[in-house]
1. Does at least one position in the stretch 199-214 carry a residue that is assigned to a strand (DSSP E or B), in contact with an Asp or Glu (Cβ under 8 Å, 6 or more places away or on another chain), open to solvent by less than 40 Å² (accessible area, probe 1.4 Å) and within 25 Å of Phe137 (Cβ to Cβ)?
2. Name the residues in the stretch 74-98 that are more than 21 Å from Gln55 (Cα to Cα) and open to solvent by 20 Å² or more (accessible area, probe 1.4 Å), would you?
3. Hey, can you tell me all the residues within the stretch 131-154 that are farther than 30 Å from Glu194 by Cβ and part of a loop (DSSP other than H, G, I, E, B)?
4. Do you know which residues across the stretch 81-111 are acidic (Asp, Glu), part of a strand (DSSP E or B) and touching a residue at least 40 places away in the same chain (Cβ under 8 Å)?
5. Need pairs with beta-carbon distance below 6 Å; first residue open to solvent by 60 Å² or more (accessible area, probe 1.4 Å) and modelled with pLDDT of 90 or more and within the stretch 15-30, second outside any strand (DSSP E or B) and among the acidic types (Asp, Glu); sequence gap 6+ or separate chains.
6. Which one of the conditions (1) at positive phi; (2) among the basic types (Lys, Arg); (3) open to solvent by less than 40 Å² (accessible area, probe 1.4 Å) does Arg180 fail to meet, given that it meets all the rest?
7. Just to check your reading of the model, which residue among Lys36, Lys46 is surrounded by 14 or more Cβ atoms within 10 Å (Cβ to Cβ) and either in a loop (DSSP other than H, G, I, E, B) or at negative phi (or both)?
Amino acid sequence: MGTCIKYTDENNIEIPKEQLHKLSEFNCLTYDSTTKELKKIERFLKNYRTQQIEQLGGEVYLSPEEESSEIITNHIDIGSFGKPWTFYYNKEKNNQGDTQWEYIFYRNRSLLGKGILVFDNKNRKLAGCAIDLITGFKTEKFKNFYGDPSVFDYEFQNETIPNIEFKYKQDDSIEEVYFRDDDYSLREFLNNDEIITKFPWKENQYYHSFDPMLSSN
């Protein structure tokens, strides 16, 4: 498999390799040069005690034909500061370019978590949940809304930060809504004219419930 490499800063903004020495934190992204699919993210951080750049851990995106157990074994001992590694598998896509992955998370070689995440076509987190390792129940359910920059002000002009965040109950109904660092009940949210003018509720059915995570439209 041929690969190509890109680098991003801590805000996931692409930067040239020549500027890495100026950063205290950056990511190295490996893509399949044929399919252009993201295969791995390696995270690097400056150790302020030694002033050396050290690998923190990273993320690996597995294809169905890859042997997951071997790849996990080969990665979970790489890095420092706890060696956090996330492995994504069981990829699904819709016709909008959104991608759903199941994942497992390791720290210090131990399995600590699992869950499901959906990314949009800009690789931003669109929806997600954790899965309890004992009961298998879905917890910490959320969906994120990223609006048109001409309508919504992005914090720090960073379009990877969601404009509106929805949290969901066990029955998949909305628990809370976060907008501009304030939290709202669903009733308060719908009664806020400023929000609803920018975010027409009836036109955004995807956010009315946690299910489905991956839109079919």
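1. In the first step, residues of the stretch 199-214 are kept if they are assigned to a strand (DSSP E or B); the result is none.
There is no residue in the stretch 199-214 that is assigned to a strand (DSSP E or B), in contact with an Asp or Glu (Cβ under 8 Å, 6 or more places away or on another chain), open to solvent by less than 40 Å² (accessible area, probe 1.4 Å) and within 25 Å of Phe137 (Cβ to Cβ).
2. Tyr89, Asn90, Lys91, Glu92, Lys93, Asn94, Asn95, Gln96, Gly97
3. If the condition is that a residue be farther than 30 Å from Glu194 by Cβ and part of a loop (DSSP other than H, G, I, E, B), then Asp132, Leu133, Ile134, Thr135, Gly136, Phe137 are the ones that fit.
4. Within the stretch 81-111, Glu92 is the sole residue that qualifies.
5. Matching pairs, first to second residue: Glu25/Glu10.
6. Failed condition: (3).
7. The match here is Lys46.
The values are calculated or read from the model by the stated rules, or taken from the named source; none is laboratory data. These figures come from a predicted structure and were not determined experimentally. Cβ sites come from the backbone with ideal geometry, for glycine too, and all protein chains shown count toward neighbours. We work out accessible area using only protein heavy atoms, side chains counted, and drop any ligands, DNA or RNA first. Shrake-Rupley method; radii C 1.70, N 1.55, O 1.52, S 1.80 Å.
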